[in-house]
Amino acid sequence: MTVTNDIRQALDAHLAAATGLPAVAYENVGFSQAPAVPHIRVQYIPTSRRPANRGPSPQHRHQGLYILTVCAESGKGAGSALDVVDTLLGEFNGSTDVAGTSIIVSIDYSEMQTAYTDEPFYCAPVQVSWYAYE
C-alpha cells in the first residue's frame, strides 16, 4: 500500500470508529443523499510531500487536509449540524495521533469553516489538518 493511501485509510478508519455520527459518504463510494437524512461528506486532500531533513535518503513529511462536511436538512436550524461538528472536533482534536497500517498520522488542528446552504442541505465543513513522516 502506498503512503498516501495508508494515510487516507487511517483517517477514514478513525472517522468510522467514532460513535454518535450520521452516515458517512466517503470519496468515490456510492452514497444516496436523502434530503431529510443527515450525513458527512469526506474529502482527502494531500497538499505536500517534502524532505524533512537532508541527505541521500531523507525522511519525508506528508501533510494535507481532511475535510468533513456535515450535511443536515436545510431550513431546520443549525443546531443538529453543529452538534455533529462538535463531535468531529473532539475526535480529530489537535495533537491526536491516528495509527495507520505503516504510518502514524498526527492531527495538527481541526476547526469549523463557514457553513453554507447546498439545497436541500445545510452544510458545515470541518477542516482537519494532518501530517505524517515517512
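The values are calculated or read from the model by the stated rules, or taken from the named source; none is laboratory data. On a predicted model such as this, the values are computed, not experimentally measured, just so you know. Reconstructed Cβ throughout: ideal geometry from the backbone, glycine too, with neighbour counts over all protein chains shown. These accessible areas exclude ligands, DNA and RNA; they are computed on the full protein's heavy atoms, side chains included. Shrake-Rupley method; radii C 1.70, N 1.55, O 1.52, S 1.80 Å.
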Check your understanding: Counting only residues that are part of a strand (DSSP E or B) and acidic (Asp, Glu), how many does the stretch 27-65 have?
Key -> 0
Review point. Is it true that some residue in the stretch 5-20 is among the hydrophobic types (A, V, I, L, M, F, W, C) and modelled with pLDDT under 95?
Key: no
Check your understanding: Can you find even one residue in the stretch 90-103 that is under 13 Å from the mean Cα position of the chain (by Cα), buried (at least 17 other Cβ atoms within 10 Å of the Cβ) and not in a strand (DSSP E or B)?
Key -> yes
Exercise for review: Return a yes/no flag: does the stretch 55-69 have any residue that is in contact (Cβ under 8 Å) with a residue 24 or more places away in the chain, of a type in the set (Gly, Ala, Ser) and in contact with a strand residue (DSSP E or B) (Cβ under 7 Å, 6 or more places away or on another chain).
Suggested key: yes
Review point. Where residues in the stretch 16-65 are hydroxyl-bearing (Ser, Thr, Tyr) and open to solvent by 70 Å² or more (accessible area, probe 1.4 Å), which of them is farthest from Ala124 (Cα to Cα)?
Key: Ser57
Review point. Do we have Ser106 as under 16 Å from the mean Cα position of the chain (by Cα), on the phi > 0 side of the Ramachandran plot, not basic (Lys, Arg) and not in a helix (DSSP H, G or I) here?
Key: no
Exercise for review: Give the stretch 66-80 a look and list any residue that's outside any strand (DSSP E or B), open to solvent by less than 50 Å² (accessible area, probe 1.4 Å) and either hydroxyl-bearing (Ser, Thr, Tyr) or modelled with pLDDT of 95 or more (or both), or say none.
Suggested key: Ser74
Study note, to complete from the structure: All-but-one check, Val42 against (1) farther than 23 Å from Thr114 by Cβ; (2) touching a Ser or Thr at 6+ places or on another chain (Cβ under 9 Å), failing number (1)
